[in-house]
Amino acid sequence: MWEKGKGASGKELHYKGTPFHRIVSGFVIQGGDTAHGDGRGSDSIYGGTFPDENFKIKHSHAGIVSMVNSGPDSNGSQFFITTVKASWLDGEHVAFGKVIQGMDTVYAIEGGAGTYNGKPRKKVVIADSGEIPMSKWDEES
C-alpha cells in the first residue's frame, strides 16, 4: 500500500479505508478525512494545511476533483468530486483533476447514499488507494 508516512493525528497518510463522510445529492461526494473519518480532520503530507496552488481548472462540469478548505490557503487531505457543474466554487476551491473513467460509480454513490443535508444514508468507504506510476497511465484508461 502506498502511503506518505503519518500525519499530525498519528494516522497513516493514505485514503484506503476512509469514508466518504459527506454525500450531497445533486452536488458532491466528499472524503479524505484521514484523521477522524468524519470531516473534522485533515492531515497532509506537509504536516498541516498548505496554500492554494492555483485556480486554473474550473468546476465546469461533473467529475471535477477539488480540495476541501475552510478558507484561503487551508487545504489538507479532504477532497470532493462534483456531480454537477459548480462554477460558484471557482476561485474558492483548488480543482486538481477530473474523473476520466468511473463517473457511473460516483453517481451510484450519490444516488445510493446521498442526502440533501450531506449525511450519508449508508457507509461508503474507499476500498483501496495508491499512486499509479506515470509509465502505467496509458494502461489505466
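The values are calculated or read from the model by the stated rules, or taken from the named source; none is laboratory data. Bear in mind that the values here come from a model prediction, so they are computed numbers and not experimental data. Glycine gets a Cβ as well: all are built from the backbone with ideal geometry, and neighbour counts include every protein chain shown.
Could you tell me whether the stretch 83-105 includes any residue that is modelled with pLDDT of 90 or more and in contact with an Asp or Glu (Cβ under 7 Å, 6 or more places away or on another chain)? Step through it out loud before you land on a result.
Filtering the stretch 83-105 down to residues modelled with pLDDT of 90 or more leaves 83-105.
Next, only the ones that are in contact with an Asp or Glu (Cβ under 7 Å, 6 or more places away or on another chain) stay: 83, 94.
Yes: one or more hits.
Within the group E131, E139, which residue is at pLDDT below 95 and part of a loop (DSSP other than H, G, I, E, B)?
E131
State which residue is nearest to G71 (Cα to Cα) when the search covers only the stretch 89-121 and only residues that are of a type in the set (D, E, K, R) and surrounded by 10 or more Cβ atoms within 10 Å (Cβ to Cβ). Talk me through it step by step, then tell me what you get.
Narrowing the stretch 89-121 to residues of a type in the set (D, E, K, R): 90, 92, 98, 104, 110, 119, 121.
Within this subset, residues satisfying the condition of being surrounded by 10 or more Cβ atoms within 10 Å (Cβ to Cβ) are 90, 92, 98, 110, 119, 121.
Numbers: D90: 13, E92: 8, K98: 22, E110: 25, K119: 22, R121: 28 Å.
Among residues in the stretch 89-121 that are of a type in the set (D, E, K, R) and surrounded by 10 or more Cβ atoms within 10 Å (Cβ to Cβ), the one nearest to G71 (Cα to Cα) is E92.
Could you tell me whether F96 is part of a loop (DSSP other than H, G, I, E, B), among the aromatic types (F, W, Y) and out of contact with any Leu (no Cβ under 8 Å at 6 or more places or on another chain)?
On the way: part of a loop (DSSP other than H, G, I, E, B): no; among the aromatic types (F, W, Y): yes; out of contact with any Leu (no Cβ under 8 Å at 6 or more places or on another chain): yes.
When the stated conditions are applied, F96 does not pass them.
Quick one: which residue in A113, A108 is touching a Phe, Trp or Tyr at 6+ places or on another chain (Cβ under 9 Å), of a type in the set (A, V, I, L, M, F, W, C) and modelled with pLDDT of 95 or more?
On the way: A108 fails: touching a Phe, Trp or Tyr at 6+ places or on another chain (Cβ under 9 Å).
Only one candidate qualifies: A113.
Every residue, every condition in (1) of a type in the set (S, T, Y); (2) closer than 14 Å to P19 by Cβ; (3) out of contact with any strand residue (DSSP E or B) (no Cβ under 7 Å at 6 or more places or on another chain), yes or no:
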position: G63; (1), (2), (3): no, no, no
position: M67; (1), (2), (3): no, no, no
position: D73; (1), (2), (3): no, no, yes
position: G91; (1), (2), (3): no, no, yes
position: K122; (1), (2), (3): no, yes, yes
position: D138; (1), (2), (3): no, no, yes
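Give V84, V106 a once-over and let me know the one that is assigned to a loop (DSSP other than H, G, I, E, B) and under 10 Å from V28 (Cα atoms). I'd like the intermediate steps shown before the answer.
On the way: V106 fails: assigned to a loop (DSSP other than H, G, I, E, B).
Going through V84, V106 in turn, just one is assigned to a loop (DSSP other than H, G, I, E, B) and under 10 Å from V28 (Cα atoms): V84.
Give just the number: which of (1) in contact (Cβ under 8 Å) with a residue 60 or more places away in the chain; (2) over 22 Å from G5 (Cβ atoms) does G63 not satisfy?
Only one criterion is unmet by G63, namely (1).
Taking V65 as meeting all but one of (1) in a loop (DSSP other than H, G, I, E, B); (2) under 15 Å from the mean Cα position of the chain (by Cα), write down the number of the exception.
Tallying (1) in a loop (DSSP other than H, G, I, E, B); (2) under 15 Å from the mean Cα position of the chain (by Cα), V65 fails exactly one: (1).
Being out of contact with any helix residue (DSSP H, G or I) (no Cβ under 6 Å at 6 or more places or on another chain), surrounded by 18 or more Cβ atoms within 10 Å (Cβ to Cβ) and among the β-branched types (V, I, T) is the filter here; which residues of the stretch 8-64 pass it?
T18, V24, V28, T34, I64
Does the stretch 40-49 include one or more residues that are of a type in the set (V, I, T) and not in a loop (DSSP other than H, G, I, E, B)?
no
Would a scan of the stretch 116-136 turn up a residue that is out of contact with any helix residue (DSSP H, G or I) (no Cβ under 6 Å at 6 or more places or on another chain), of a type in the set (D, E), within 15 Å of G26 (Cβ to Cβ) and touching a residue at least 60 places away in the same chain (Cβ under 8 Å)?
Checking the stretch 116-136: not a single residue is out of contact with any helix residue (DSSP H, G or I) (no Cβ under 6 Å at 6 or more places or on another chain), of a type in the set (D, E), within 15 Å of G26 (Cβ to Cβ) and touching a residue at least 60 places away in the same chain (Cβ under 8 Å).
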